[in-house]
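Worksheet: one structure, shown below.
The values are calculated or read from the model by the stated rules, or taken from the named source; none is laboratory data. These numbers were taken from a predicted model, which means no experiment stands behind them. Ideal geometry is used to build each Cβ from the backbone, glycine not excepted, and the neighbour counts take in all protein chains shown. In case anyone asks, the SASA skips ligands and DNA or RNA and just uses the protein heavy atoms, side chains included. Shrake-Rupley method; radii C 1.70, N 1.55, O 1.52, S 1.80 Å.
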Amino acid sequence: MIIMLLLWVVTLAGAVYLARWAWEAYGHKLRLPKVELDALELAKRRYASGEIDRDEYLLIKQELAGA
């Protein structure tokens with residue numbers, strides 16, 4: 001009875017160890033890539049959400065066009 005319980009504990013510990021190893025080795029491939037926004041797209045989103053007003057948006061757009 002004790003041997004059977006010990007066998008289950010070792011099996012479970014091995015499965016946990018294997019899962020952690022696999023996640024550390026290959027988990028980065030499962031994550032979605034981070035989307036980088038350019039400055040104008042970021043300004044458009046901030047303007048659309050109301051974070052900045054029209055004048056600020058136009059100023060940012062003008063400065064980015066000149067850069």
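Carbon-plus-sulfur accessible fraction, the chain (probe radius 1.4 Å, protein heavy atoms only): 66%.
Between exposed GluC sites (Glu not before Pro) in the chain, where DSSP calls loop and at most 15 other Cβ atoms lie within 10 Å, what's the longest gap? Looking at the chain, 1-35 is the longest stretch - no exposed GluC sites (Glu not before Pro) with at most 15 other Cβ atoms within 10 Å. Using only the alpha-carbon atoms, how far is helix 39-49 inclined from the longest principal axis of the chain? Give it as 0 to 90 degrees, nearest 10. Result, in degrees: 90.
Based on protein heavy atoms only, the chain ends up with 96 Å² per residue of surface accessible to a 1.4 Å probe. Computed extension gain for Leu42 through Thr11, at 0.36 nm per residue and net of the alpha carbon distance, reaches 6.1 nm. Under the convention that each Lys and Arg Cβ holds +1 and each Asp and Glu Cβ holds -1, the size of the dipole of the chain around its Cα centre is about 400 debye. The phi torsions of region 3-17, fed into the Karplus equation with coefficients 6.51, -1.76 and 1.60 and a -60° offset, translate into couplings of 5, 5, 5, 5, 4, 5, 5, 5, 4, 5, 4, x, 5, 5, 4 Hz, rounded to whole numbers, with Gly and Pro shown as x.
Rounded to the nearest 500, what is the chain's calculated 222 nm mean residue ellipticity when only DSSP H runs of at least 4 contribute -39500 (n - 2.57) each, over all residues?
Values: 3 runs with 49 residues, N = 67.
Estimated from H runs of four or more residues: -24500 deg cm²/dmol.
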